[in-house]
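Single-structure report; data block below.
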């Protein structure tokens, strides 16, 4: 069952910032890190488990951005992110974090009354942790002196509860590709034709795709907002007989013996291709 209470990002920024867009740009990095962390936890339990947040409201002054939490409490990333402090630079530190969060998730699973399968043994991999640290470090590097961002359970009319403040001095100094060079396969940045395995008629959830030639499957967000809005409005179709020609971007890593796409994005939907027969049953 999804928890739909409000999540608040509270950004106390310097009022003398010359470029207002910088404020939203900096906040966006933290939101990206938060959702990536949540998806790490969700994937560790079940790749079909959804994690998403949806913008509800923004208040000015110091920015208070409220999001609907569309995920179960079990995979809340709050504590994970709260424990990322100081500077991280070594593979050993990353592996320690992955082991710590795996143990934490296993404990939460064992104590969860709604968990129907006690046999689930989640595993958070070090590569996902390193990619998360890259995103969080990019976020904190965009903060100016005395600025801070916190998250908590929000209500626009009340102070937040269960507040966690990001460490503004957090930095990741490691080089992920060098640390895990045996696991890095390639980077894709270009056109391809993909079939849609899973789509969403609301929100910005990750879709599931399969390359039509290689049959490589991956999950990705669609950043082409114009096409996505037309899809949600019903003017663009993506059905079992449809393939998409897209400009996509992702990294391919070998994790637990399988090739996995990371940081996947559909930058632009170039064209739709209709087929006479179904390509896939799920849509």
Report the gain in length on full extension from residue 91 to residue 272: 0.36 nm times residue separation, minus Cα-Cα distance, nm rounded to one decimal. 60.9 nm
The chain: most fluctuating residue of 188, 247, 145 per GNM, C-alpha cutoff 10 Å: 145
Rounded to the nearest 500, the 222 nm mean residue ellipticity computed for the chain from DSSP H runs (n ≥ 4, each -39500 (n - 2.57)) alone is -9000 deg cm²/dmol
Compare 146, 82, 157 in a GNM of the chain, Cα atoms joined below 10 Å, and give the one with the largest fluctuation. 157
Just rank 185, 88, 124, fewest to most, by other beta-carbon atoms within 10 angstrom. 185, 88, 124
Rounded to the nearest 10, the angle in degrees between the Cα long axis of helix 91-111 and the longest principal axis of the Cα atoms of the chain comes to 80 degrees
How would region 1-105 be classified by its alpha-carbon gyration tensor: rounded, prolate or oblate, with rounded meaning a/c under 1.5 and the a/b versus b/c comparison settling the rest? oblate
Between 0 and 90°, nearest 10: helix 20-45 axis offset from the chain longest Cα axis: 70 degrees
Taking N as the number of residues in region 184-274, what is its Cα Rg relative to 2.2 N^0.38 Å? 1.05
What is the extension gain from residue 106 to residue 12, computed as 0.36 nm multiplied by their sequence separation minus the C-alpha to C-alpha distance, in nm to one decimal? 30.4 nm
Among 257, 190, 154, which one shows the biggest mean-square fluctuation in a GNM of the chain, springs joining Cα atoms closer than 10 Å? 257
Put a dot 7 Å past each Cα toward the Cβ at residue 221 and residue 169; how far apart are the dots in nm? 3.0 nm
Name the shape class, rounded, prolate or oblate, that the alpha-carbon gyration tensor gives for region 73-204, where a ≥ b ≥ c are the square roots of its eigenvalues, rounded holds for a/c under 1.5, and otherwise prolate holds if a/b is larger than b/c and oblate otherwise. rounded
Distance in nm between residue 55 and residue 185 label points, each 7 Å along Cα→Cβ, equals 3.4 nm
Any idea what angle helix 126-140 forms with the longest principal axis of the chain, computed on alpha-carbon atoms, 0 to 90 degrees, nearest 10? 60 degrees
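FYI, it's all coordinate maths here, none of it is from the lab. Values in this document were obtained by computation on a predicted structure and should not be read as measured data. No Cβ is skipped: glycine too gets one built from the backbone with ideal geometry, and neighbour counts run over all protein chains shown.
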